[in-house]
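Peer 1: Below are the structure tokens for one structure; questions will follow.
The values are calculated or read from the model by the stated rules, or taken from the named source; none is laboratory data. Here the structure is a predicted model, which is why all the values come from computation and not from measurement. Please note: Cβ atoms are built from the backbone with ideal geometry, for glycine as well, and neighbour counts cover all protein chains shown.
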Amino acid sequence: MKTLSLIITLLFAITLTNAQEHSEGKTITVTIENIKNNKGNVLLALHTENTFMKGQGIKNEQSKIENGKITVTFKNVEPGTYAIMALHDENENNRMDFEDNGMPKESYGMSNNSMSFGPPQYATAKFEFKDEDLKMDIIF
């Protein structure tokens, strides 16, 4: 009877371990190397099409800048289509600041390094995230 109990317990533990491994998503690691100074933070947001340009992303991270560089990892990301927006928040007010003419005062960038005149577009910043870890560079 003890052997049967031990086998059942072991099978249950193995099943739970496998379920946890599959329920956790993979990681997206973002590096930005060309930040113009070490003032403030870099704010990053992982977006779906529904959250893009509408405030917070589905996952949000921030990092202090060291030697003009940051590396941030979004953890437990499920496969899907996403876009990443990054902002150098020099004055740490947690938002993008604009000139009187509407141009941004602070540096920013997006996945795919798509920069165009006008507001960012999800169509040019989106990428497919499959079931494997991803590393990407964003340029300001």
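Peer 1: Test Met96 against the stated conditions and say whether it is touching a Pro at 6+ places or on another chain (Cβ under 8 Å) and on the phi > 0 side of the Ramachandran plot.
Peer 2: In short, no.
Peer 1: Go through segment 99-113 and report how many residues are at positive phi, in contact with a Phe, Trp or Tyr (Cβ under 8 Å, 6 or more places away or on another chain) and small (Gly, Ala, Ser).
Peer 2: Summing the residues that are at positive phi, in contact with a Phe, Trp or Tyr (Cβ under 8 Å, 6 or more places away or on another chain) and small (Gly, Ala, Ser) in segment 99-113 gives 0.
Peer 1: Among (1) charged (D, E, K, R); (2) in contact with a Leu (Cβ under 9 Å, 6 or more places away or on another chain); (3) under 16 Å from Phe52 (Cα atoms); (4) touching a residue at least 24 places away in the same chain (Cβ under 8 Å), which single condition is Glu128 missing?
Peer 2: So Glu128 meets the others, but not (2).
Peer 1: Okay, moving on. Loosely packed, with under 14 Cβ neighbours inside 10 Å, over 15 Å from the mean Cα position of the chain (by Cα), at pLDDT below 95 and in a loop (DSSP other than H, G, I, E, B): is that true of Lys36 in this structure?
Peer 2: So Lys36 fails the test.
Peer 1: Quick test of your reading of the structure: Lys126 fulfils all but one of (1) within 17 Å of Asn60 (Cβ to Cβ); (2) surrounded by 19 or more Cβ atoms within 10 Å (Cβ to Cβ); (3) among the charged types (D, E, K, R). Name the failing condition by number.
Peer 2: (1)
Peer 1: Moving on to the next point. Which condition number in (1) exposed (fewer than 13 other Cβ atoms within 10 Å of the Cβ); (2) at pLDDT 95 or above is the one that His88 fails?
Peer 2: Single failed check for His88: (1).
Peer 1: Quick one: which residue in Glu128, Glu106, Glu61, Glu49 is more than 15 Å from Thr27 (Cβ to Cβ), of a type in the set (Asp, Glu) and part of a strand (DSSP E or B)?
Peer 2: On the way: Glu106 fails: part of a strand (DSSP E or B); Glu61 fails: more than 15 Å from Thr27 (Cβ to Cβ); Glu49 fails: part of a strand (DSSP E or B).
After ruling out the rest, the residue left standing is Glu128.
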